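The values are calculated or read from the model by the stated rules, or taken from the named source; none is laboratory data. Everything quoted here is computed from the prediction, not taken from an experiment. Here the Cβ is made from the backbone with ideal geometry for all residues, glycine too, and neighbour counts use every protein chain on show. For the accessible areas, the whole protein counts, side chains as well, though only heavy atoms, and no ligand, DNA or RNA atoms are used. Shrake-Rupley method; radii C 1.70, N 1.55, O 1.52, S 1.80 Å.
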Amino acid sequence: MKWNGRCIISESNNTLLSIRSLTIAYQHGNEWLEAVRDFSLDIGHGETVGLVGESGSGKSTVALAIMRYLGQGGRVVAGEVWLNGRNLLALSPTQMRHIWGRQLSMVPQDPLSSLNPSIRVGEQLAEALRHHMGMGQTTAAQRAVELLEMVRVPDPERVARSYPHQISGGMQQRVMIAMALGTEPQMLVLDEPTTNLDVTTQAAVLDLFRELIQRQNTAVLYVTHNLGVVARICNRVTVLYAGEQVEDAPTADLFRQPLHPYSQGLLDSVPQLGQHKSQASLQGISGHIPALGERPSGCVFAPRCTLAVDECYEKRPSWESLPNGRFVRCHRWAEIASGDISTRHPAQASTPPKPQPQSQPPLLTLDNVQVHFGLGRSLADTLARKPPAKVRAVDGISLTMQQGETIGLVGESGSGKTTLARAIIGLEPRTNGQMTFCQIPLPPTLSERTLETLRHLQYVFQNPEEALNPYLTIGETLRRPFITLLGYNRQQADTAVRHLLQQVKLPPHYADRLPHQLSGGEKQRIAIARAFATNPDLLIADEAVSALDVSVQAAILNLLAELQTERQNALLFISHDLAVVGYLADRIAVMYVGKLMELTETAVLLEPPYHPYTEALLSAVPITNPEVSQEHIRLEGDVPSQTNVPSGCPFHPRCPRYLGDICANQTPPWQTTRQGKQIFCHIPVDELQQIQKPVLREHHASEAHNG
Amino acid sequence: MAKYILRRLSFLALTLILTSLLVFAVTQFVPGDVARIVLGREAGEEALEAFREKFGLNDPLPVQYLRWLGNFVTGDWGESISTRSDIYPIVMERLRNSLQLAAITLIISVPLATLLGVIAGLNENRLADNLISVASLSVVGLPEFVTGLILIEVFSRRLNLLPANSSVRQGTPFMDALPMLILPAITATLVLLAYIARLTRAGVVEELKKPYVRTAVLKGLPYRTVIVKHVLRNALLPTITIIAISFGWLISGLIVIENVFNYPGLGRLLVFAIDRRDLPLMQAVTMVTVLGFALANLAADLLYAYLNPRIRLD
Ligand code: SF4
Ligand code: SF4
């Protein structure tokens, strides 16, 4: 990707959408609470502007207000939304019907629920064409197929005849894009359109957006929480925090020199590809976003800002217009701009445990582990003598883990990574294969395992609710493992709980709270505390930070790294996010439909040769570093279903380096590269080395990493 | 879809077998000796024994069950103990009457209730919705015999428009019976109305909240298209199931209405049979109603599946 640092300042005559001091309130009981305050933005023809914020920032509210679709609980209190010289907020619903589709369209986050389940895809596209473009039945139906072709849906005729539930998530989102662009609107609002997609699919969809937007000269407001996506697609970015616009700048400028402390924090919270915990801990932002009714009256960010001074609590900063087309809302922006102050501390590296050398006896071994599920067979299937469908969730994984080592397991949806985790934990009995833990065979199910094993093998899941009983106080929850697994008495357990809370950076009085009184990040801290209570040798964390906002996620990643430094435990960290995995892990295992594709030291992850799938993954990960350009490799299609795993190399239907029949029919060999990477591919590693370029390249030697 | 139909059909068979077992078992435990009830207190032991022998009441239960089931399936429903006549024609005649009444009731109530429900749902918590809710709930609160008597008072006594007595005689052609069916059908409609309307309303309210409605609106489609083409297609699906359940109730549960209007339906026949401890008649009526109920549900399930591509194409 080439960085487009050009700053596009919209001339007034080029402005298509102009939002002036928009204030939106939501009804809570009898009160109207301001969700978004004083929001202003101009978007010119053909310009793509990112609206970035974490959950609760009000970004989707802005999007819906522009669409004039706030719903019953919401109301625009003040402000104007001008599109093509008309104030949309003054229009009646009937007048809006001429604007919707024709001038203004939207692509929402969740394509499946946004499509009518009982109308064929083609008709859902065609009806708008007939209505707005005056096409007849046949022309509209033909055009619908052309549109599907335009968004690169394979076999568009078949898809047009399908119902939404019959096509994959990536295809559904393409249909939504085709629908939004089909009527050639001038303005497009995209509300987290790629958030639910796998990273390789997301990359392809983003490419598509860029191409189509350019071709039709459409103006775009791109609403997202993902800074990497913004970096890839937007000319300009506006950052929203707790309903307040805090900064607005050309994308490259914002990434190079964020002026608002919140923007800085946001950027520093996201680990970069190639950034590792041993270099520097993540900066993150302490605390969490205030609830709607609890926003401070001065600067909304003051309670979390490390640079806050008295003035910040008293007076709301104004929306400063800077000479270079930037805007910022901070009392201290000038000091930040000049570099006098910064939220960025000198890098503080954690000293992670040194994994035991491979010669030592391993902590955990997996030998050809398989987990297959039989799908239930119906009476009709039995009568028709169909064999039961087999789901090959995990299809022969072998792996060795040393004491104190961190292995990152990365994979897209359907890769089987979670099933593998559950098989190791004992929640999902394996179908085949052997495991040992501390050199003792590990039985397939939890109930067959000894207390000693349970103590030393702990886990944290994506959803902390699973680990927390809503009716027990935090203290009671945390006391349990001490009493049941370690045999402490009540008093000893209480002391231990206090110590534990302190370690996960929560005040001792949290012991008396109930789970619902905690924020998402706090709950995850408790889940981590519970897992660490028994001082485990191995912690398995499955998507443990995925549900959290990036600023909270950073804090949890730091916590995991710190606790590991202290306890010297091994960590199996499972995630779909390669950058996060790379930040924590010593070694990375890449999984694809139930099989391992590559096993590599994190230090050499970015060096070629790569497994072709890893190469595509690295190329798809959205990166936020403006100094880095990325190789452009895109995968066709979607991750195959686990009931229908491709033969030979499971990656072959999508592999850009597909060799031919050998890939389709023969299981590839494991090869070892000079750097010690293990690669599951037919292409000899030396040849891979020759044909592959490094996926990420820095333009400038300086400023390699933030923080 | 074929798989789905097969599964539904096997459910139907299972339901019917279970019910037949249940019907058979229940009649075995009815207190009192059937022979004595039929023959009266003065009957001698010999006469009783002869009766039991004739009706097979001395055989082991499984034998009795299989014989009964076999006869039932072949249309030999036996002789009524109380009237000494063949059961099959009696029940069929009553079934025909009940089906007629059910059909008329559904023709009146379904479009009306659906319309009211849709209007209420589209105007959630606004005046129209509240009016419809209050009106339909206050009607449903009235017992059937009260609404029935009021209707008779108004439409036959005062206005003299429709007959108060609906005792359709055997073999009356449908068009001649029609006037007699209207008042009972309206009474039954008043019971069903609130029920179907509320469910329809709930369906509409729920669908309106779904994101696909937003998509349709933001496409700029006319309001009518959004509602009729997008919303109702999905919102009315649950209503189909409710209509099927109502149908079951209409063919067997109209005991009060049939009594008020003196209408010869299955409900009254069942009461009669129970009254006389006429076991064979009771069994036959129960089996017929269960069969009707099950078939109505099957039809509803199939229609639902047919209209819902998520099931049809699985
Ligand atoms: S105004 Fe003060 S509290 Fe707010 S961001 Fe600036 S320095 Fe921080
Ligand atoms: S084995 Fe073939 S299909 Fe598989 S990754 Fe290698 S080149 Fe691609």
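Miscellaneous remarks
- Cut-off 14 Å between beta-carbons: net charge of the residues surrounding A:Q568, Lys and Arg +1, Asp and Glu -1: -3
- Residues A:F461, B:F145, B:F155, sorted by accessible area with the largest first, give B:F145, B:F155, A:F461 [1.4 Å probe; ligands and nucleic acids excluded].
- If the chain linking B:V26 and B:R126 were pulled fully straight, counting 0.36 nm for each residue of separation and taking away their Cα-Cα distance, it would gain 31.0 nm.
- Over 30 Å between alpha carbons, listed pairs A:K59/A:K315; A:K505/B:K210; A:K277/A:K523: A:K505/B:K210
- Anchor A:K595: aspartates and glutamates whose Cα lies under 19 Å away (excluding residues fewer than 8 positions away in-chain): A:D198, A:D367, A:D395, A:E412, A:E428, A:D542, A:E543, A:D577, A:E615, A:D638
- Accessible carbon and sulfur surface of the stretch B:87-307 relative to its total accessible area, %, 1.4 Å: 68 percent
- Across chain A, Cα-Cα pairs more than 40 Å apart make up 36 percent of the total.
- Estimated distance in nm for a label pair at A:E149 and B:L295, the labels positioned 7 Å out from Cα along Cα-to-Cβ: 5.2 nm
- Estimated distance in nm for a label pair at A:L659 and A:E211, the labels positioned 7 Å out from Cα along Cα-to-Cβ: 3.0 nm
- J(HN,Hα) series, the stretch A:411-423, from Karplus relation 6.51 cos²θ - 1.76 cosθ + 1.60, nearest Hz, glycine and proline x: x, 7, 5, x, 7, x, 5, 5, 4, 4, 4, 5, 5
- Sequence-distant residues sharing a close amide H with A:V77 (under 5 Å, placed H): A:T23, A:I24, A:A25
- Taking every C-alpha pair closer than 8 Å and separated by at least 6 residues, the mean separation divided by the residue count of the stretch B:87-307 gives a relative contact order of 29 percent.
- Cβ-Cβ FRET estimate between B:L303 and A:S55, R0 fixed at 41 Å, reported to 0.05: 0.45
- Net length available on complete extension from A:Y69 to A:W32 is 11.6 nm, with 0.36 nm assigned per residue and the Cα-Cα distance removed.
- The mean sequence separation of alpha-carbon pairs under 8 Å and at least six residues apart, normalised by the residue count of chain A, gives a relative contact order of 13 percent.
- Anisotropy class of the stretch A:499-563 from Cα gyration tensor, a/c 1.5 cut: oblate
- Fraction of accessible area attributable to carbon and sulfur, the stretch B:2-73 (%, probe 1.4 Å): 69 percent
- Both radii were evaluated on the Cα set of the stretch B:2-73; the Rg over Rh quotient, with Rh as the Kirkwood radius, amounts to 1.19.
- Reachable lysines from B:K3, criterion Cα separation under 27 angstrom, eight or more residues apart if same chain: A:K386, A:K390
- For the stretch A:245-335, the list of chymotrypsin sites (Phe, Trp or Tyr not before Pro) that fall in a loop by DSSP and count at most 13 other C-beta atoms within 10 angstrom is empty.
- Accessible area in square angstrom per residue, the protein assembly as shown, 1.4 angstrom probe: 43 Å²
- Bridging of B:K229 to aspartates and glutamates at a Cα separation below 15 Å is possible for A:E123, A:E127, B:E207, once same-chain residues fewer than 8 apart are set aside.
- Note, ³J(HN,Hα) from phi for the stretch A:104-111, Karplus 6.51, -1.76, 1.60, rounded to Hz, x at Gly and Pro: 9, 10, 9, 10, x, 6, 10, x
- Of B:L221, B:L66, B:L178, the one that fluctuates the most in a GNM where chain B has Cα springs shorter than 10 Å: B:L221
- FRET E, pair B:N262, B:T83, Förster distance 25 Å, beta-carbon r, rounded to 0.05: 0.85
- Between A:S286 and A:T400, full extension at 0.36 nm per residue minus the direct alpha carbon distance yields a gain of 37.4 nm.
- Taking amide H as placed 1.01 Å from N in the peptide plane, A:L409 has its amide H under 5 Å from the amide H of A:F573, A:I574, A:S575, A:A589, each at least 5 places away in sequence or on another chain.
- Take the Cα of B:I255, step 7 Å toward its Cβ, do the same at A:R20, and the gap between the two points is 7.4 nm.
- Applying the Karplus relation 6.51 cos²θ - 1.76 cosθ + 1.60 with θ = phi - 60° to the stretch B:278-288 yields 3J(HN,Hα) values of 8, 4, x, 5, 4, 4, 5, 4, 4, 4, 5 Hz, where x marks Gly and Pro.
- Long-range amide H partners of A:G416 with built H, under 5 Å: A:G594
- Of all accessible heavy-atom area on chain A, the percent that carbon and sulfur account for (1.4 Å): 48 percent
- Accessible area buried between chains A and B, both sides summed, probe 1.4 Å, in Å² to nearest 100: 2600 Å²
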